[in-house]
Amino acid sequence: MLKNFTPRTLFGRSMLIVVTPVIMLQIIIAIIFFNNHWDNITRRLSLAIGGDIATIINLLEKKENSKNEIQEIAKRFMDLRFTFIPNEEITKTVIRKKPLLNIPDKMLEKALGEKIFRPYSIDTVNFGNQVKIEVQLSYGVLKFLSNRKRVDSTSAIIFVLWMVGTSLILIFIAIIFLKNQLRPIKELSLVADKLGKGIQVNNIKPSGAIEIRQAMIAFMAMRDRIKKTVEKRTEMLAGVSHDLRTPLTRMKLDLALIGKKIDVSNLESDVRSMEEMINTYINFAKEQNLDKRIKTDINKIVKQIIKEINIYGYSIENETKFSKSYFVEPNSLKRCISNLLLNAIKYAPNNPNKRKIIIRISSFESEKQIHIIVDDNGPGIPKEKYNDAFVPFNRLENTISPVDAGVGLGLTISKDIARNHGGDLKLSKSNIGGLKATIILPI
């Protein structure tokens, strides 16, 4: 449950680790400060002003000093000004409603009740920097005006500003350090993503913490090992294929010299099969040396493929409608799609009426991927054999089309091409009865 609310990025989680303790510490300090220090100071200030007002009332009732003398004492020593209005009643209490700001007001209202045992009211809203306090006497109302500083403690505001300000500065410094530390990790992830998509990546300079540097060095070593392994496999396959071509050429020459004296049809068929196998091996090796990716109109590639395949007499429904061009390796992608269409023809239904044979190619676009889909209404492949179809040199049975079944590398090459683009090739059941092959490419 908690995972749904945590940030997804490493930077976000790192910030959460840094910021959460700071916020919790501020909350704890604020609670302790407001419940103890500020509360005590505000209470003492309120009791002091309440005591001063009680003293003035006592002096007025004793009548030992004149009213003017008492007003001078209040102004000079207590920072209070008062007037007496006879035959009047106190007004309604008005205090601030905002949180924190109304704490001193409530404290003052409570402290006056402890010092002045008479009806009273306060107004902390309508007199600017002054606080009005009214006390009901038997023969009128005594109105006091006091500076707000006698009620509010400015140290609380200064403390809060200091606490929030220093926290923001610390968080800002933490963000700068975190970004510098996470930059190498982000660079490594981008390079790994490119390598996974088959894009050539240059050497990256190790930077950051020791652990990150070690990961970068290990990654580049892994990249070099993978590259060498692929190159060795490609060179070996290409070398074997070229070496086989020499005796094959001699066999073809001998067959031509023999002429029609001997029935050599079976031998000629074997030679053709061997030649196709060798060509397939060479093409397979070439696919490992992929061209550079360029902005390509896939719709045109599909139309060109269909035009070339029309020699087999099958009608292919073209429903590809890509809205724009994409960066792909055009020759490799063309071979990938061709292999899938030829595969659909090879396993087409055994029906003399080719119009009843459905082979369809369509497309799908999303924000992160494009799909090239080839459907047919042939016999299809059992679900449990989907993985076997991609095994090199594994030819499936029941090839019922006049197109030769090949050597079992068609789907393997197509899947390799899709993966070299950073995508994949998936097989599934088609809604028209046969096999559905989907090329998935990232964009």
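Observations on the structure shown:
- Of all the residues in region 416-443, those that are over 19 Å from residue 367 (Cβ atoms), part of a loop (DSSP other than H, G, I, E, B) and β-branched (Val, Ile, Thr) number 1.
- Residues satisfying the stated conditions in region 102-125, i.e. closer than 23 Å to residue 67 by Cα, loosely packed, with under 14 Cβ neighbours inside 10 Å and in contact (Cβ under 8 Å) with a residue 12 or more places away in the chain: 119
- Near pairs, Cβ below 7 angstrom, 6+ apart or cross-chain, from region 126-153 (farther than 20 Å from residue 73 by Cα) to any residue that is crowded, with 17+ Cβ neighbours inside 10 Å: 136/90; 136/120; 152/104; 153/38; 153/42; 153/45
- The one condition from (1) surrounded by 10 or more Cβ atoms within 10 Å (Cβ to Cβ); (2) in contact (Cβ under 8 Å) with a residue 12 or more places away in the chain that residue 16 does not meet is (2).
- Residue pairs whose Cβ atoms lie under 8 Å apart, sitting 6 or more positions apart in sequence or on different chains, and linking a residue in region 319-337 that is touching a residue at least 40 places away in the same chain (Cβ under 8 Å) to a partner that is surrounded by 20 or more Cβ atoms within 10 Å (Cβ to Cβ) and among the acidic types (Asp, Glu), are 332/287; 335/287.
- Of the residues contained in region 312-325, one or more are found to be out of contact with any helix residue (DSSP H, G or I) (no Cβ under 8 Å at 6 or more places or on another chain), surrounded by fewer than 18 Cβ atoms within 10 Å (Cβ to Cβ) and within 16 Å of residue 374 (Cβ to Cβ).
- Each residue in region 407-435 was checked for being surrounded by fewer than 21 Cβ atoms within 10 Å (Cβ to Cβ) and touching a strand residue (DSSP E or B) at 6+ places or on another chain (Cβ under 7 Å), and 8 pass.
- Scanning region 356-372 for residues that are crowded, with 20+ Cβ neighbours inside 10 Å and at pLDDT below 85 yields a count of 2.
- Residue in region 43-62 that is modelled with the lowest pLDDT, counting only those that are over 17 Å from residue 147 (Cβ atoms) and surrounded by 14 or more Cβ atoms within 10 Å (Cβ to Cβ): 43
- Residue in region 345-355 that is β-branched (Val, Ile, Thr) and modelled with pLDDT under 75 present: no
- Of 65, 40, all but one fail to be within 30 Å of residue 160 (Cβ to Cβ) and loosely packed, with under 14 Cβ neighbours inside 10 Å; the exception is 40.
- For region 202-217, taking the residues that are exposed (fewer than 11 other Cβ atoms within 10 Å of the Cβ) and out of contact with any helix residue (DSSP H, G or I) (no Cβ under 7 Å at 6 or more places or on another chain), the one that is modelled with the lowest pLDDT is identified as 202.
- Some residue of region 189-197 being part of a strand (DSSP E or B) and surrounded by fewer than 15 Cβ atoms within 10 Å (Cβ to Cβ): no
- Some residue of region 156-168 being over 30 Å from residue 129 (Cα atoms), in a helix (DSSP H, G or I), at pLDDT below 85 and of a type outside the set (Ser, Thr, Tyr): no
- Among residues of region 77-98 that are free of Cβ contacts under 8 Å to residues at least 40 places away in the same chain and surrounded by 11 or more Cβ atoms within 10 Å (Cβ to Cβ), those with a Cβ under 9 angstrom from a residue that is of a type in the set (Lys, Arg) and in a helix (DSSP H, G or I), sequence gap 6+ or separate chain, pair up as 78/150; 95/106.
The values are calculated or read from the model by the stated rules, or taken from the named source; none is laboratory data. Keep in mind the model is a prediction, meaning the values are calculated, not measured. Note: ideal-geometry Cβ built from the backbone for every residue, glycine included; neighbour counts use all protein chains shown.
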